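The block underneath contains the structure these notes are about, expressed in structure tokens.
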Amino acid sequence: MDEMLKEFVVEALDLATNVEEHLLSLEKNPDDANTLNALFRSFHTIKGGAGFMNLQAMVSACHLTENLFDGLRTGKVPVTPLAIEAALQASGFVADQLNELSDGTDPSALAAMPDELKDLLNQAIEGKTEAVPAGAASAAVALDAAAPQAAEPAIGAAGTADGLDWEALYYAVVPAELAPPRPAASTATGGNNANSGAKAAATDAPAAAAGRAKPAGDKEAKATSGSAKDESIRIDAVKLDALLEVAGESVQAANQASVLLEKLMQFKFDGAAATLMSTLAETLGRASRYSTELQRATLSTRMQPVGRLFQKFPRMVRELARDLGKEVDLTIEGAETEVDRVVVDSLYDPLVHMLRNSLDHGIENAADRVAAGKPARATIFLRAWQQANSVMIQVADDGKGMDPQVIRSKALSKGLISDAMAQTQEEALQLIFLPGFSTKEVASSVSGRGVGMDVVKTAVEKHRGTITIESTLGAGTCFSIRLPIELSIVPTMLVRTSGAALAMPMSVVERVVQLPEEFEAVGGAPVMRDQGRPLPVRSLGQTLGYEQSEERIGIVIAAPQPYILAVDKVEGTAEMVIKPLTAMIVAGITGTARSAEGELVLVLDLSFLMDGCRAAARLAA
């Protein structure tokens with residue numbers, strides 16, 4: 001892809017994503033002038049870039065939508081459901097074309113603007129509240145009004161014989177502080193064609209009207225926008241990943257050098273040798289600090305707010321709720337929470353499945369909700385927050401909840417489990433993650449094929465995450481996802497068992513305890529009382545298949561069902577650069593790392609620890 005086209009696609013996609021968020025906000029607050037102005041500017045900017053790239057279908061769609069928002073801003077056109085729907089479809093068309101370009105489609109192969117979209121936008125511009133069939137007389141008038149943009153090569157006074165709006169393009173790409181004052185609409189209508197003059201006024205007057213309404217705010221917004229562009233650059237993600245890997249290796253090398261120096265300092269040095277060793281120690285300390293700072297700075301470039309992901313869902317929820325005949329609000333909290341960009345990218349499909357599942361299975365229709373004493377309009381909450389070294393993401397609804405017994409019976413009837421499995425409520429709820437599980441008898445376009453929630457758990461565990469469920473019949477369901485904030489560097493506790501060096505994520509470590517010589521037994525299994533509660537004791541060495549050893553140190557694991565993990569000894573804590581296992585799959589192991597001494601360390605899988613170190617009991621594996 002051409003570099004200029006690539007740059008345009010990246011920036012325009014950002015604008016198109018923000019447009020959907022603004023449109024859904026406008027639907028709730030139709031009198032919000034700031035939102036109207038932001039929408040107008042977004043479409044105007046995309047139109048300018050598209051014109052420069054000669055993307056005529058995109059120019060036509062943006063131009064009509066720009067006219068619509070001109071009418072909305074000036075009050076000539078009311079904010080109706082039809083206007084919102086037309087703008088959403090236009091933004092969807094623009095986003096689809098941008099995504100096709102991003103995937104490598106040649107610009108000449110892009111589809112033309114659909115006539116249905118053109119009709120819908122023109123009807124919205126005319127202030128209609130409901131869409132009129134294309135064959136009706138009023139639609140014919142709308143098509144006639146749209147003709148200058150689509151058919152005539154000259155679009156208003158600013159247009160030229162090549163069909164490009166060069167004046168609009170100039171003001172879209174030149175910073176406001178460098179551009180000369182824009183001519184008034186009345187001086188740009190020199191043609192004899194009334195339609196041409198009207199189109200020029202529709203293009204130029206809105207900017208002047210916005211300047212009259214809020215001159216100071218507009219200048220401030222433009223100045224801020226220019227400043228933001230000057231202070232940011234776009235870098236290929238592959239280059240950032242390579243930089244992070246080098247930074248991580250430099251930290252490991254500095255740590256190993258520090259350990260070697262510490263061992264070397266045990267010997268006695270005199271005279272010049274002692275001075276040299278002192279200088280070496282100081283230099284290595286400084287190198288270690290700088291390499292750590294470099295690693296942290298590099299990591300921060302990979303961090304993105306989850307709001308970039310969350311803002312994609314309000315429109316999806318709105319449209320799916322409408323298709324299902326349900327009234328639903330999506331409430332987003334904690335959009336500013338930052339997490340590794342790889343996590344952000346990988347969470348889209350799982351969250352789509354969870355939201356669709358909540359809408360189809362969890363939320364009742366309005367009549368059933370009123371009969372149950374609930375508000376007719378349901379609410380789905382999408383939350384994110386940071387907890388220690390993890391990020392928590394919740395999808396919760398106030399629907400009908402899940403019945404563990406019904407879920408277990410369905411899994412039994414499908415032959416997915418045996419009668420001895422999933423005896424507790426927590427285990428029964430986890431059955432929904434089994435491949436092929438669904439409570440629906442007939443699959444629909446939304447759900448029922450038994451693949452959605454399986455995809456969710458697989459994606460979460462792929463990034464060393466866990467997912468838990470809480471549900472109350474008649475009150476609703478809450479899915480909680482725990483993921484590491486940083487994927488490449490994980491704070492760990494170093495332990496040793498049966499001679500093997502192992503590391504476990506600190507996010508699951510509650511505390512370390514001394515184990516007694518003998519344990520109580522419950523059902524033949526060892527149990528130890530910790531702070532008054534009986535917790536099962538499990539041997540890490542035996543769980544991983546190592547030879548039996550004298551394990552007298554216990555680590556209390558903060559899992560949904562807490563337990564104590566027995567090891568030989570605890571060797572401290574460290575931030576490890578994790579290398580995932582790619583050539584093989586080992587139960588309970590997620591990757592490898594190097595200790596400060598250079599020793600190879602196996603890193604325990606977070607989901608394995610959260611499931612109680614029982615690989616055979618992980619129903620969704």
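The values are calculated or read from the model by the stated rules, or taken from the named source; none is laboratory data. Only a predicted model underlies this, so the values are computations on that prediction, with no experimental measurement involved. Glycine gets a Cβ as well: all are built from the backbone with ideal geometry, and neighbour counts include every protein chain shown. For the accessible areas, the whole protein counts, side chains as well, though only heavy atoms, and no ligand, DNA or RNA atoms are used. Shrake-Rupley method; radii C 1.70, N 1.55, O 1.52, S 1.80 Å.
Being in contact with a Pro (Cβ under 7 Å, 6 or more places away or on another chain) and farther than 21 Å from I125 by Cβ is a property that holds for L55.
Going residue by residue through region 381-390, is there one that turns out to be in a strand (DSSP E or B), within 25 Å of S438 (Cβ to Cβ), open to solvent by 40 Å² or more (accessible area, probe 1.4 Å) and modelled with pLDDT of 90 or more? Yes, the conditions are met somewhere in region 381-390. Taken over region 62-84, the criterion of being within 14 Å of H22 (Cβ to Cβ), open to solvent by 10 Å² or more (accessible area, probe 1.4 Å) and not in a loop (DSSP other than H, G, I, E, B) is satisfied by L72, R73. In the set R289, R296, only one residue is of a type in the set (D, E, K, R), modelled with pLDDT of 85 or more, more than 28 Å from S91 (Cα to Cα) and assigned by the TED database to the domain that holds L260; that residue is R289. If the condition is being out of contact with any His (no Cβ under 7 Å at 6 or more places or on another chain) and charged (D, E, K, R), then region 56-99 contributes D70, R73, K76, E85, D96.
Counting only residues that are modelled with pLDDT of 85 or more and open to solvent by 30 Å² or more (accessible area, probe 1.4 Å), region 409-429 holds 4 of them. Entry remark, region 379-401: residues being under 26 Å from the mean Cα position of the chain (by Cα) and closer than 26 Å to R369 by Cα number 12 in total. Candidates in region 485-511 are the residues that are in a strand (DSSP E or B) and of a type in the set (V, I, T); of these, the one that is farthest from the chain's Cα centre (by Cα) is T497.
With respect to A242, determine if the residue is part of a helix (DSSP H, G or I) and over 25 Å from L600 (Cβ atoms). The answer is no for A242.
Cβ separations smaller than 8 Å between residues 6+ apart or across chains give the following pairs from region 574-600 residues that are not assigned by the TED database to the domain that holds L260 and hydroxyl-bearing (S, T, Y) to residues that are open to solvent by less than 30 Å² (accessible area, probe 1.4 Å) and outside any strand (DSSP E or B): T590/I578; T590/D605; T590/L606; T590/F608; T592/I578.
Within the span defined as region 6-13, one or more residues are closer than 21 Å to M316 by Cα and surrounded by fewer than 18 Cβ atoms within 10 Å (Cβ to Cβ).
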